[in-house]
Amino acid sequence: MQKLIKQLLKDNSVYFAIVITIIIAVLSLIRIGKQPISFTYLDKIEHAIAYFVLTFLWLLKFKKQSAKIIVLITVVLYGVLLEVLQFKLTDYRTFDYMDMLANAFGALLAFLVFKFLEKKQFKLLNSL
C-alpha cells in the first residue's frame, strides 16, 4: 500500500496540486452559507489547512531549493490575489487581512514541515 501511495504522489502530485489550486479559487469566490459548525476563528483554521495542503503538494513537484522558495512566495501571493478578487468581484465576500495571514501561515508551515522531512531523510520524499 505504501508503494502505491508513493507512486501515486510521484506520478500525479502536479495534478493534485492543480485541482487543489482550482478548488481553493472556487471556494474563495462562491457564495457560501452559514457554516453548520461555528466557533471563533474556524475559517482561519480552514484557510491555514487549505494553504498547507496546496503548498505541500506543489513542493512535492520541485527538487531545487530556489524553486521551493518560489512555490512558497507564489502560494502566498495567490492567497493575496484571491482576497483582492473577493473584494473586487463579489458583493458577498470580504477582503480580510487575517485570512491572508492564515493563508501565509499555512503555506509557511507546509514549507517548514517539508524542509524538516527532507532534512530527516523521510523515506516518502526521498523516493520521489
Low-density loop GluC sites (Glu not before Pro), region 21-122, at most 14 other Cβ within 10 Å, DSSP non-H/G/I/E/B, are none
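Report the convex hull volume per residue for region 67-113, counting only C-alpha atoms, in Å³. List each step's numbers first, then the result.
On the way: hull volume 2.5 nm³, N = 47.
Cα convex hull per residue, to the nearest whole number: 53 Å³.
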Residue by residue through region 74-79, the couplings from Karplus 6.51 cos²θ - 1.76 cosθ + 1.60 with θ = phi - 60°, in Hz, x for Gly and Pro, are 5, 5, 4, 5, 4, x
For region 39-105, listing trypsin sites (Lys or Arg not before Pro) in a DSSP loop whose Cβ sees at most 16 other Cβ atoms within 10 Å gives Lys63, Lys64
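A short reminder: the numbers here are calculations on the coordinates, not readings from a lab. All values reported here derive from a predicted model rather than from experimental measurement. Don't worry about glycine lacking a Cβ; one is built from the backbone with ideal geometry, like all the others, and counts go over all protein chains shown.
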